[in-house]
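Single-structure report; data block below.
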Amino acid sequence: MEKAFRFFSEAHCVMLLGIKSRNPIQLLEGIKKVPSSSIYYHTHRFLQQHYRVSPEPPNDFAYWITNILGLRELGESITSVDIINIDSLEDLRKEYVTRLENHILSGEYISDCIEGHEFHFFDCKTFVYPTPFIAKDVDELREDLEKVHINSLCFHIFEPKLRYQRRENDFSAWLRNIGEEKLADQISRLDPYAFTLEGLRQKIIRILGRDD
Amino acid sequence: MMANIKDYSSIVGQAVIDELFLLADKLKGKVIQNVNSTAVGGGVAEILSRMINLLRQLGVDARWDVIKGDEKFFNITKKMHNALHGVDVEVSLKELMYFQEVNRQNAKEMDLCGDILFIHDPQPIALVEQKETLGKKWVWRCHIDFTTPKEEVMAFLKLYIEKYDSAVFSAPAFARKLSIPQVLISPSIDPLSDKNRELPQEVINSVLDRFGIDRTRPIVTQISRFDYLKDPIGVIEVYKRVKKHIDCQLVLAGGGATDDPEGAKVLEDVKNAAADDPDIHVLLLPPASDIEINALQRASSVILQKSLKEGFGLTVAEGLWKAKPVIASAVGGIPLQIAHKYSGILTHSIDGTVHYLKQLLYEPGYAQRLALNGKEHIKNNFLITRHIRDYLLLFLSLYHEDDIVGLNEMGL
């Protein structure tokens, strides 16, 4: 049992920070000062809430910039931040700050959104808890992955690097630990931000079934 | 009849129900005491009766008490309610003192025994004065639209709100600058209620026949009370412009005109705008018409919610839950329910609504894709099971400071 994989899951209590932005300058100010858990929430909420829908747009900032402010180029720039290659929420924050500052300094015309469409900053308190699913080998991991709540997948894929400063996702770390280097590498190589969560679940299940 | 929590597993999946039991288990030994101002009638009482029942089934010791007040008190709280909605009414100092006095009297008579005192809306808000003596955890739940409150009333209430441990709002726009944590908990729909449960086709057909609606041609529907803020006249204009290209029918159905002088005026204007077009069905529904509303939504080809202003706009969730394509204004809580072109259409004008309505009626495949995505989104985020989970997390959050909280098997 020592090497068993215990599935955990997570749920977010969503907090309102009472901070809102009407334009890219105010968005930048907000991004600079909100807690890092707010950055995490705004970059993962859409994926978690739309887990069967198209993976785009992966974050709230990009969605608001593109669809409310109509700034498609800036929206694309914020959308395309390569989160999988970023190691911490502070680095992610810096990346957004740089891209927003570049846009603002480029002298592009800055206008406010229409009233009622402001960007509201949220924060989250994340509760993590064990589930009854415990896998002792690769086959059990695959079977359990089919049954767990999608939030469990989120916890084991997104949280380890960004919020726990671990090197890689929990599945790959465990697989490496039991000598399944190839499977670990295959999962580690995936960019989870380019999938829907359901699509990602199915992809990992196929890898674990050695079908990929 | 009240639903059994286990009945929801066939809709949301067993993992969701298991998660609720797990979270509820962490609250073992805690008494959650809800307090509001009415046991029957009104949205808050309806939500509470469902919630308390389901929380108890999960093993949470949830209780519910109601404050007492005379006519004078409730006239004052009605004025406060209107002021919070931005209506220009004045609440005098004398009235505010009477409000305070009634709250103090209730505090003396009530057994405030909960570990968590969950106080709903402004009427019992001043009970929190007891926090100094009793301790315990206190949460204030605001169910009303707080976008543009009258500042004087807001300032008075803020004195109380900031004594609480947390405040809960339904939409981001209601957040204020407060010194206490503010939690976002969106409202929800109950998939097992008469308004949302599956209906046999015969029931749907009989409702359509009763209202003289043609089953063979597309039906465009807006369900809402007759209120200028729901823009029923704008909806008729949209329909008339679309009708030039597509032979469709319009259903405008809702209640609320009987005891509201402005509602009666709106209804009259709507009937005038509809004139003698037999394909516009203006239906003033009596209270308790949930089955009829359900049937009309299920029979619709496209559902509109073209509101100019909106609190949360749960009719959008109702439409999407029935796997109907929805076109709605990007106001209030609607953008939380629809991601434009992913799970429905968000519009800002009559022109935009005309454009997208034609598109969805011409392209039923595309409309169906949006609708199915919308249903999935509602299933994951706006059903009563999510609402219960949010309440459980809120209660747990009162005992934890960190932004990541590990709940082990030992409980709190």
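The values are calculated or read from the model by the stated rules, or taken from the named source; none is laboratory data. All figures in this text were calculated on a predicted structure; none of them were measured in a lab. Cβ placement follows ideal geometry from the backbone for every residue including glycine, while neighbour counts extend to all protein chains displayed. Areas reflect the complete protein model, heavy atoms only, side chains present, ligands, DNA and RNA absent. Shrake-Rupley method; radii C 1.70, N 1.55, O 1.52, S 1.80 Å.
Quick one: work out Rg over Rh on the C-alpha atoms of the range B:303-412, Rh as Kirkwood radius.
Working: Rg = 17.6 Å, Rh = 15.4 Å.
Across the range B:303-412, the Cα-based Rg/Rh ratio is 1.14.
Roll a 1.4 Å probe over the protein heavy atoms and report the accessible area of B:Phe99 in Å², nearest 10.
Spelled out: B:Phe99, probe radius 1.4 Å, area about 0 Å².
For the pair B:Ser10 and B:Ser92, what calculated FRET efficiency results from E = 1/(1 + (r/R0)^6), where r is the Cβ-Cβ distance and R0 = 60 Å, to the nearest 0.05? Display every interim value, and only then the final one.
Numbers: r = 54 Å, r/R0 = 0.90.
Efficiency, rounded to the nearest 0.05: 0.65.
Compute the normalised compactness of the protein assembly as shown: alpha-carbon radius of gyration over 2.2 N^0.38 Å, N being the residue count. Show your work: numbers first, answer last.
Values: Rg = 25.3 Å, N = 624, 2.2 N^0.38 = 25.4 Å.
So the Cα radius of gyration is 1.00 times the expected 2.2 N^0.38 Å.
Antiparallel versus total DSSP beta bridges in the protein assembly as shown: what percent is that, nearest 5?
DSSP beta bridges in the protein assembly as shown are roughly 25 percent antiparallel.
Separation between the B:Ala155 and B:Tyr228 pseudo-spin-labels, each 7 Å from Cα along Cα→Cβ, expressed in nm?
3.0 nm
Quick one: in chain B, what % of C-alpha pairs are over 28 Å apart? If you can, show how the numbers build up before the last one.
Values: 43962 of 84666 pairs.
For chain B, the share of Cα pairs beyond 28 Å comes to 52 percent.
FRET efficiency for B:Val40 and A:Lys147, Cβ-Cβ distance as r, R0 = 41 Å, nearest 0.05? Before the final figure, lay out the partial values.
On the way: r = 42 Å, r/R0 = 1.01.
Rounded to the nearest 0.05, the efficiency is 0.50.
With an 8 Å Cα cut-off and a minimum separation of 6 or more residues, compute the relative contact order for chain A in percent. Walk me through the numbers on the way to the answer.
Details: 304 pairs, mean separation 71.7, N = 212.
For chain A, the relative contact order is 34 percent.
Average the reciprocal distances over every distinct pair of alpha-carbons in the range B:50-161, invert the result, and give the Kirkwood radius in Å. Show your work: numbers first, answer last.
Working: mean 1/r = 0.0664 Å⁻¹.
Kirkwood radius, the range B:50-161: 15.1 Å.
Averaged over its residues, how many other protein chain Cβ atoms are within 10 Å of peptide A:125-135's Cβ atoms? Kindly include the intermediate steps, with their values, before the conclusion.
Numbers: counts 12, 6, 12, 5, 10, 5, 4, 2, 1, 0, 0.
Mean number of neighbouring Cβ atoms from other chains: 5.
Sorted from largest down, what three extents in whole angstroms do the Cα atoms of chain A have along their principal axes?
58, 31, 28
Under the definition of Cα pairs under 8 Å and six or more residues apart, what whole-number percent is the relative contact order of chain B? Before the final figure, lay out each step's value.
On the way: 679 pairs, mean separation 61.2, N = 412.
So the answer I get is 15 percent.
Of the accessible area of the protein assembly as shown, with the probe set at 1.4 angstrom, what percent is carbon plus sulfur? Don't jump to the answer; show the numbers that get you there.
Working: 13070 of 26430 Å².
The nonpolar share, carbon plus sulfur, comes to 49 percent.
Summing both sides, how much accessible area is buried between A and B? Use a 1.4 Å probe and give Å² to the nearest 100. Please list the in-between numbers first.
On the way: alone 10890 and 18850 Å², together 26430 Å².
Interface area, both chains combined: 3300 Å², rounded to the nearest 100.
Kindly report the accessible area of the range B:12-149 per residue (heavy atoms of protein chains, probe 1.4 Å, no ligands, DNA or RNA), in Å².
Working: 6090 Å² over 138 residues.
Heavy-atom accessible area per residue stands at 44 Å².
Computed FRET efficiency, Cβ-Cβ of B:Ala323 and A:Tyr109, R0 41 Å: what is it to the nearest 0.05? If you can, show how the numbers build up before the last one.
Numbers: r = 42 Å, r/R0 = 1.02.
Calculated value: 0.50.
So between B:Glu363 and B:Glu198, what do we pick up on full extension, going 0.36 nm a residue minus the alpha carbon distance? Mind showing how you got there, number by number?
Values: separation 165, 0.36 × 165 = 59.40 nm, distance 2.53 nm.
Gain on extension, B:Glu363 to B:Glu198, equals 56.9 nm.
If packing is taken as the average count of other Cβ atoms within 10 Å, what order do A:18-29, A:90-101 fall into, highest mean first?
On the way: A:18-29: 18.2, A:90-101: 16.2.
The packing order, highest mean first, is A:18-29, A:90-101.
Out of every Cα-Cα pair in the range A:12-123, what percent are more than 25 Å apart?
Details: 881 of 6216 pairs.
Tail of the P(r) past 25 Å holds 14 percent of the pairs.
Could you please put B:Thr133, A:Thr66 in sequence from largest to smallest accessible area, using a 1.4 Å probe?
Working: B:Thr133 115, A:Thr66 45 Å².
Final ranking, largest accessible area leading: B:Thr133, A:Thr66.
List the residues, sorted by chain then number, that are 5 or more residues from B:Leu383 or on another chain and whose placed amide H is less than 5 Å from its amide H.
B:Ile189
Roughly how many whole Å is it from the C-alpha centroid of the range B:116-134 to that of the range B:58-110?
11 Å
Measure off 7 Å from each Cα along the Cα-to-Cβ vector at B:Asp18 and A:Glu73, then give the distance between these two points in nanometres to one decimal.
5.0 nm
Please work out the C-alpha center-to-center distance from the range B:153-198 to the range A:149-189 and express it in whole Å.
36 Å
Within 10 Å, count the other beta carbons around each residue, average over each peptide in A:141-151, B:335-345, B:195-205, A:180-190, and list them highest first. Present the calculation step by step, with values, prior to reporting the outcome.
Working: A:141-151: 18.5, B:335-345: 22.8, B:195-205: 14.3, A:180-190: 16.4.
Final packing ranking: B:335-345, A:141-151, A:180-190, B:195-205.
Just the ratio, please: alpha-carbon radius of gyration of the range B:201-381 over 2.2 N^0.38 Å, N its number of residues.
Working: Rg = 14.9 Å, N = 181, 2.2 N^0.38 = 15.9 Å.
Here the answer is 0.94, to two decimals.
Just list whichever of B:Lys30/B:Lys375; B:Lys244/B:Lys306; B:Lys26/B:Lys375; A:Lys94/A:Lys161; B:Lys68/B:Lys137; B:Lys78/B:Lys230 have alpha carbons separated by over 24 Å in the model shown. Kindly include the intermediate steps, with their values, before the conclusion.
Details: B:Lys30/B:Lys375 35 Å; B:Lys244/B:Lys306 20 Å; B:Lys26/B:Lys375 31 Å; A:Lys94/A:Lys161 16 Å; B:Lys68/B:Lys137 22 Å; B:Lys78/B:Lys230 22 Å.
Listed pairs above 24 Å: B:Lys30/B:Lys375; B:Lys26/B:Lys375.
Per residue of A:144-156, what is the mean number of Cβ atoms on other protein chains within 10 angstrom of that residue's Cβ?
Values: counts 0, 0, 0, 3, 2, 7, 4, 3, 2, 0, 0, 0, 0.
Partner-chain Cβ atoms within 10 Å, mean over residues of A:144-156: 2.
Extending each Cα 7 Å along its Cβ direction at B:Met2 and A:Glu101, get the distance between those two points in nm, one decimal.
5.7 nm
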